[in-house]
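J.: Handing you a structure now.
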Amino acid sequence: MYIGQAAQRSGTTVKSIRHYEAIGLLPPARRQGNYRVYDQQSVDLLSIIKCAQQLGFKLKELQAIFAGQTGQPLAWSDAQQAITDKKREVHDQIAALTQRHAQLVEFEDSLQNAWKHCPLERT
């Protein structure tokens with residue numbers, strides 16, 4: 001299939017596919033004249049890339065995960081480790097945001113308390 005159809009089937013864009021090829025994330029498509037021709041394996045990989053990005057993976061992270069996998073399926077252990085690492089990162093972000101939220105609540109309370117005890121007239 002040509003690049004437009006591969007983009008449509010994988011939910012990506014033609015521009016993204018060209019970019020993924022340029023940075024080595026997607027193996028170069030075979031050529032038929034001036035046209036790129038993709039197989040189902042490429043479409044599957046594009047779908048995985050898109051899904052991974054939606055889950056917070058950056059292209060640099062995906063490049064590291066896929067490094068050395070050219071023409072070979074991704075090893076499940078590598079994918080599992082990347083997912084575990086990303087879950088830990090998200091957990092740490094949640095903890096940091098929870099702490100920040102608690103600090104904001106505390107700050108708000110202290111400001112309200114100071115306002116209540118302020119000797120100035122309020123209009």
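The values are calculated or read from the model by the stated rules, or taken from the named source; none is laboratory data. Predicted model only: the values in this text are computed from it and were never measured. So basically every Cβ, Gly included, is an ideal-geometry build from the backbone, and we count neighbours across all protein chains shown.
J.: How many residues does segment 26-47 contain that are of a type outside the set (Ser, Thr, Tyr), part of a helix (DSSP H, G or I) and crowded, with 16+ Cβ neighbours inside 10 Å?
T.: Of the residues in segment 26-47, 3 are of a type outside the set (Ser, Thr, Tyr), part of a helix (DSSP H, G or I) and crowded, with 16+ Cβ neighbours inside 10 Å.
J.: Residues of segment 76-96 being at pLDDT 90 or above and farther than 19 Å from Lys58 by Cβ, which ones?
T.: Ala95
J.: Return the pair list, or none, for Cβ contacts closer than 8 Å from residues in segment 18-40 that are without any contact (Cβ under 8 Å) to a residue 24 or more places away in the chain to residues that are assigned to a helix (DSSP H, G or I) and of a type in the set (Val, Ile, Thr), at least 6 apart or on different chains.
T.: Between residues of segment 18-40 that are without any contact (Cβ under 8 Å) to a residue 24 or more places away in the chain and residues that are assigned to a helix (DSSP H, G or I) and of a type in the set (Val, Ile, Thr), the close pairs are Arg18/Ile3; Leu26/Ile17; Leu26/Ile49.
J.: A follow-up question, please. Which of the residues belonging to segment 1-25 are closer than 14 Å to Gln41 by Cα and in a loop (DSSP other than H, G, I, E, B)?
T.: Matches in segment 1-25: Met1, Leu25.
J.: Which of (1) closer than 20 Å to Lys86 by Cα; (2) crowded, with 16+ Cβ neighbours inside 10 Å; (3) not charged (D, E, K, R) does Thr12 not meet, given it meets every other one?
T.: (1)
J.: Among the residues of segment 53-63 satisfying the criterion of being in a helix (DSSP H, G or I) and free of Cβ contacts under 8 Å to residues at least 12 places away in the same chain, which is surrounded by the most Cβ atoms within 10 Å (Cβ to Cβ)?
T.: Just the residues of segment 53-63 that are in a helix (DSSP H, G or I), to begin with: 53-54, 59-63.
Filter again for free of Cβ contacts under 8 Å to residues at least 12 places away in the same chain, leaving 53-54, 60.
Numbers: Gln53: 15, Gln54: 9, Lys60: 10.
Per the criteria, the residue is Gln53.
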